[in-house]
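Below is one structure, written out as structure tokens; the observations come after it.
The values are calculated or read from the model by the stated rules, or taken from the named source; none is laboratory data. Owing to the predicted nature of the structure, the values given are computational and were not obtained by experimental measurement. When we count neighbours, we look across all protein chains shown, and the Cβ atoms used for this are built from the backbone with ideal geometry, even at glycine. Ligands, DNA and RNA are stripped out before the accessible areas are found, and what is left, the full protein with its side chains, is counted by its heavy atoms. Shrake-Rupley method; radii C 1.70, N 1.55, O 1.52, S 1.80 Å.
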Amino acid sequence: MLTILRKKGVTSDHMFAAGLISIALSVVSWAASLNASESTARADRWGIFVGEWAPSFFALGVALRVDENEGAKGGR
């Protein structure tokens, strides 16, 4: 997976940004559900769903960072 991401030009910073964006979208979805008179449950579920992406993005970011640091040290 890391090899594919590296070939596509994805860096650890991209993954960390995606994690932060996921959290922000989750908060926005939750805030929007506070003002909604209908489909509050659906907006809440969407916020939870998007918020669950963050740990995956952060884990991939850490793995890419470790891989980047190993490459910088001449490990590969």
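Using only the C-alpha atoms, the convex hull of the chain corresponds to 77 Å³ per residue.
Given a 1.4 angstrom probe, what's the average accessible area per residue across the chain, in square angstrom?
Numbers: 5380 Å² over 76 residues.
Averaged over the residues of the chain, the accessible area is 71 Å².
Across the range 50-62, coupling constants 3J(HN,Hα) worked out from phi with the 6.51/-1.76/1.60 Karplus curve, θ = phi - 60°, read 5, x, 6, 6, 3, x, 5, 5, 5, 5, 5, x, 5 Hz, and Gly and Pro carry x.
For a modelled paramagnetic label at MET1, 7 Å from Cα along Cα-to-Cβ, the residues of the range 11-37 in reach, with backbone nitrogen under 19 Å, are 11-23. The angle between the Cα long axis of helix 12-35 and the main principal axis of the chain comes to about 0°, on a 0 to 90 degree scale.
A crude spin-label estimate for the pair ASN35 and ALA17, with each label 7 Å from Cα along the Cβ direction, gives 2.7 nm.
Within the chain, what whole-number % of the accessible surface is contributed by carbon and sulfur, with the 1.4 Å probe and all protein chains included in the calculation?
Details: 3500 of 5380 Å².
On the chain, the fraction of accessible area on carbon and sulfur atoms equals 65 percent.
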